[in-house]
1. So if each residue of separation counts as 0.36 nm, and I subtract the Cα-Cα distance between residue 198 and residue 156, what length gain in nm does that give?
2. How far apart, in nm, are two points set 7 Å out from the Cα along the Cα-to-Cβ line at residue 168 and at residue 144?
3. Report the rotationally averaged projected area of region 123-211 based on its alpha-carbon convex hull, in square nanometres.
4. What nm distance separates the two modelled labels at residue 137 and residue 28, each placed 7 Å from Cα along Cα→Cβ?
């Protein structure tokens, strides 16, 4: 029986070599760092001098008064616009207003004046108010011819003085001679002031004369 053969040397794999080399370097570096790292000795502050600081506040002098703060004028703000409500409901009834008393008309003082004459006075009223009433003449020319007739004369009188201002034959006698005689006589009549304004006088001429 043959014995074992000679042992041959086999080199290790590369990764093992690299790992071993790296571990050696790491251990060496740690040892160097520990050798050079030393803690510094504690500092001695016993010889440092101690300084004391006192804080003081400067007080202002009492004699000088502090000026008041200056008033800064504030500009006037415009008043806000007044908003009128669209609808306002009255909660309380308005007070009752007393009706003013009716004013009584003031009568103007009446001034006494002459009595108001009637519209047209009759012949009898005219005779009663007449101061002077001459009778109309029957003209000779009309008498000689036996001219007769009847008519009506209206006389206008000034109320203040009573004098006749106008006389007109509203109904002719039928002859101008007799008409003129009547008008001429009635113009000379005078009445009491304020008695008559107009007088209506019927007149008739006969052979015996004028009658009214």
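1. Roughly 14.7 nm would be gained on extension.
2. Rounded to a tenth, the inter-label distance reads 3.4 nm.
3. Directional mean of the projected Cα hull area for region 123-211 stands at 5.0 nm².
4. Between residue 137 and residue 28, the simple spin-label model gives 20.0 nm.
Taken together, the values in this text are just the output of simple stated rules run on the coordinates, not laboratory data. Fair warning: this is a prediction, and the values are worked out from it, not measured in the lab. No Cβ is skipped: glycine too gets one built from the backbone with ideal geometry, and neighbour counts run over all protein chains shown.
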